[in-house]
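Asks: Below: one structure in structure tokens.
The values are calculated or read from the model by the stated rules, or taken from the named source; none is laboratory data. Computed from a predicted model, the values in this text were never measured in an experiment. Positions of Cβ are generated from backbone atoms using ideal geometry, with glycine treated the same way; all protein chains shown enter the neighbour counts. When the accessible area is computed, the model is the full protein with side chains, heavy atoms only, and any ligands, DNA or RNA have been set aside. Shrake-Rupley method; radii C 1.70, N 1.55, O 1.52, S 1.80 Å.
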Amino acid sequence: MSCVFKLMPSPVGQLTLVARGTKLAAILWEHERQNRVRLGPLQESVDHPLLLEAECQLREYFAGSRERFELELDFVGTEFQCKVWQALLTIPFGETRSYSQIALQIGSPKAVRAVGAANGRNPISIVAPCHRVIGASGSLTGFAGGLEAKQFLLALEGEETPQLAF
């Protein structure tokens, strides 16, 4: 099934919202690393109902009036990646988890690095809140949207902003 997209300006840069059928398949960053998320050919659709709803909910989130997203998601990845991405959905608004906590949650306590790799390939940024995953020391670590965007999102959610890791 082919994917359609819609561009959306946001406080963290231009986002590309991508739908596959009636489900959200991706939210891509303005300076997206090539092939981080594999989607195939994309066709623009500024009036796709799911993309309009995703944009509306993201605007509410950025305005501080939405803490949970209510969108159907279409995660495509390995079984392990999908477990990690599903675990991201359980992190409450305004809270963080470490990579090791996620590894424990999915039943793979020794797979901390693999959790980090899967987190880095999360196709549905913000909605599946990979920005809420931080280093064991409490420091901010890699983020597809950039560490400044991660810091912004955590501050928006009222989380004490951890130190940037360099």
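Asks: Which FRET efficiency value, to the nearest 0.05, is calculated for residue 65 and residue 110 with the Förster distance at 41 angstrom and r the Cβ-Cβ distance?
Replies: The value I calculate is 0.55.
Asks: Out of the trypsin sites (Lys or Arg not before Pro) in region 1-43, which ones are loop residues according to DSSP with at most 15 other C-beta atoms within 10 Å?
Replies: Here the sparse-neighbourhood loop sites are 33, 36, 38.
Asks: Counting only helical runs of four or more DSSP H residues, what would the 222 nm mean residue ellipticity of the chain come to if each run contributes -39,500 (n - 2.57) and the total is spread over all its residues?
Replies: -9000 deg cm²/dmol
Asks: Normalise the Debye intensity by I(0) for region 1-132, one equal point scatterer per Cα, no solvent, then take log10 at q = 0.12, 0.17, 0.20 Å⁻¹ and round to two decimals.
Replies: Evaluating at q = 0.12, 0.17, 0.20 Å⁻¹ gives log10 I(q)/I(0) of -0.45, -0.90, -1.21.
Asks: With the Cα gyration tensor of region 67-166 giving a ≥ b ≥ c as the square roots of its eigenvalues, does the rule (a/c under 1.5 for rounded; else a/b larger than b/c for prolate; else oblate) give rounded, prolate or oblate?
Replies: Oblate.
Asks: With a 1.4 Å probe and all protein chains left in place, how much of the accessible area of region 56-166 comes from carbon and sulfur atoms, in whole percent?
Replies: Here it works out to 50 percent.
Asks: Classify region 1-74: rounded, prolate or oblate, from the alpha-carbon gyration tensor (a ≥ b ≥ c, eigenvalue square roots; a/c under 1.5 rounded; otherwise prolate if a/b is larger than b/c)?
Replies: Verdict is oblate for region 1-74.
Asks: Among the lysines, which have Cα under 20 Å from the Cα of residue 110 when same-chain residues fewer than 8 positions away are ignored?
Replies: 83
Asks: Please compute the per residue accessible area over the chain with all protein chains in place, 1.4 Å probe, rounded to a whole number of Å².
Replies: 51 Å²
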